[in-house]
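> Below is one structure. I have some questions about it.
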Amino acid sequence: MKDLFFNILILNPLEQFVIFGNKSCLTNNITNLTIIHLSLLFFVLNSIQLFKKNWLSLSINFLLNLVKNIYVNEVRILTPKFFLIFWFIFISMVVNNFLGLIPNSYAITASLALNLLVTLIIFCMINMIGTEYHNWNFFNIYVPRGISLVLAWFLIPFEIISYFARIFSLSIRLFANILSGHILLHILGNFLYLYIAFGTTWSIIFIFIPSALVIVITFLELMIAFLQAYVFTNLILIYFSGILQTH
């Protein structure tokens with residue numbers, strides 16, 4: 001038991017986020033995450049038809065209307081043809097955040113590199129749409145309104161830097177919130193295990209106190225997982241709306 005105690009103490013809370021390679025060609029190309037996201041894509045493309053008359057309709061309609069409200073009312077994107085893209089982004093973020101809270105699972109949104117890659121892909125996509133809409137006028141987003149030509153040469157580099165800094169801010173915000181929550185649950189879970197394994201008879205009587213703390217933090221992490229998906233989608237839509245309505 002003593003060796004077990006020291007082994008648990010030296011566990012790194014970040015150990016659960018270490019990614020190991022796999023030599024199998026099959027698992028390198030077709031993974032469980034690939035299957036999950038293909039299923040999500042099918043769900044998004046058929047969500048309106050699939051969930052009209054069953055017990056999931058209320059929850060699905062709530063999420064659908066939540067994204068619609070951001071899309072139409074808050075950021076005021078007038079064209080509906082891009083809605084499914086952001087509906088897919090929101091649903092995939094929610095599912096990936098929630099999957100990380102299942103024991104022995106992995107939260108891919110807790111990976112900074114992956115978040116940067118996903119955000120970069122989304123930014124490339126919305127910028128391609130922006131150039132298609134505005135052609136060369138798209139680059140006016142880097143020129144502040146109402147300034148002289150002399151000042152423009154000084155301010156444009158800062159505008160470009162601040163524009164592409166959004167990629168890092170979005171990725172780091174999502175990464176930090178998901179990672180910190182998982183580390184907290186990992187530490188509290190280890191503490192609860194040690195409390196049960198090495199506690200005295202009297203300490204076991206008061207086990208409801210640390211157990212209640214773990215339950216409360218778990219529910220809090222569920223809320224954070226949903227809110228982070230909402231915030232991520234909201235910010236992406238705000239940036240996309242700014243591109244469509246560029247001066």
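The values are calculated or read from the model by the stated rules, or taken from the named source; none is laboratory data. Owing to the predicted nature of the structure, the values given are computational and were not obtained by experimental measurement. Counting neighbours? That spans all protein chains shown, and the Cβs are built from the backbone with ideal geometry, glycine included.
> Mind listing whichever residues of the range 134-173 are over 30 Å from residue 112 (Cα atoms) and among the polar types (S, T, N, Q)?
Result: 135, 137, 140, 148.
> Would you pick out the residues in the range 203-227 that are of a type in the set (Gly, Ala, Ser) and either under 19 Å from residue 64 (Cα atoms) or at pLDDT 85 or above (or both)? Before the answer, list the steps.
Taking the range 203-227 and keeping what is of a type in the set (Gly, Ala, Ser), we get 203, 211-212, 225.
Residue satisfying the conditions is 225 alone.
> Could you check the range 137-176 and list, in sequence order, the residues that are assigned to a helix (DSSP H, G or I) and farther than 22 Å from residue 124 by Cα? Talk me through it step by step, then tell me what you get.
Step one: of the range 137-176, the residues assigned to a helix (DSSP H, G or I) are 137-142, 149-176.
Within the range 137-176, 149, 150, 151, 152, 153, 154, 155, 176 qualify.
> Anything in the range 97-134 that is of a type in the set (Gly, Ala, Ser) and touching a residue at least 24 places away in the same chain (Cβ under 8 Å)? List them, or say none.
Answer for the range 97-134, where residues must be of a type in the set (Gly, Ala, Ser) and touching a residue at least 24 places away in the same chain (Cβ under 8 Å): 100, 107, 110, 111, 130.
> A further question follows. From the list 188, 151, exactly one residue is over 25 Å from residue 108 (Cβ atoms) and either surrounded by 14 or more Cβ atoms within 10 Å (Cβ to Cβ) or not basic (Lys, Arg) (or both). Which is it? Don't jump to the end; show me each part of the working.
Numbers: 188 fails: over 25 Å from residue 108 (Cβ atoms).
On inspection, the qualifying residue turns out to be 151.
> Related question: Answer yes or no as to whether residue 230 is aromatic (Phe, Trp, Tyr), at pLDDT 85 or above and within 15 Å of residue 127 (Cβ to Cβ).
Values: aromatic (Phe, Trp, Tyr): yes; at pLDDT 85 or above: yes; within 15 Å of residue 127 (Cβ to Cβ): no.
So residue 230 does not fit the description; no.
> Let me ask another. If I ask for residues that are of a type in the set (Gly, Ala, Ser), free of Cβ contacts under 8 Å to residues at least 40 places away in the same chain and within 23 Å of residue 96 (Cα to Cα), which ones from the range 209-247 would you list? Walk me through it before giving the result.
Taking the range 209-247 as the starting set, the residues that turn out to be of a type in the set (Gly, Ala, Ser) are 211-212, 225, 229, 241-242.
Applying the additional criterion that residues be free of Cβ contacts under 8 Å to residues at least 40 places away in the same chain yields 211-212.
Hits for the range 209-247: nothing passes.
> Something else now. Output the residue which, of all residues in the range 212-243 that are closer than 19 Å to residue 74 by Cα and of a type in the set (Ser, Thr, Tyr), is surrounded by the most Cβ atoms within 10 Å (Cβ to Cβ).
Only one residue fits best here, namely 233.
> Which one of these does residue 105 not meet: (1) exposed (fewer than 14 other Cβ atoms within 10 Å of the Cβ); (2) within 18 Å of the chain's Cα centre (by Cα); (3) in a helix (DSSP H, G or I); (4) not basic (Lys, Arg)?
(3)
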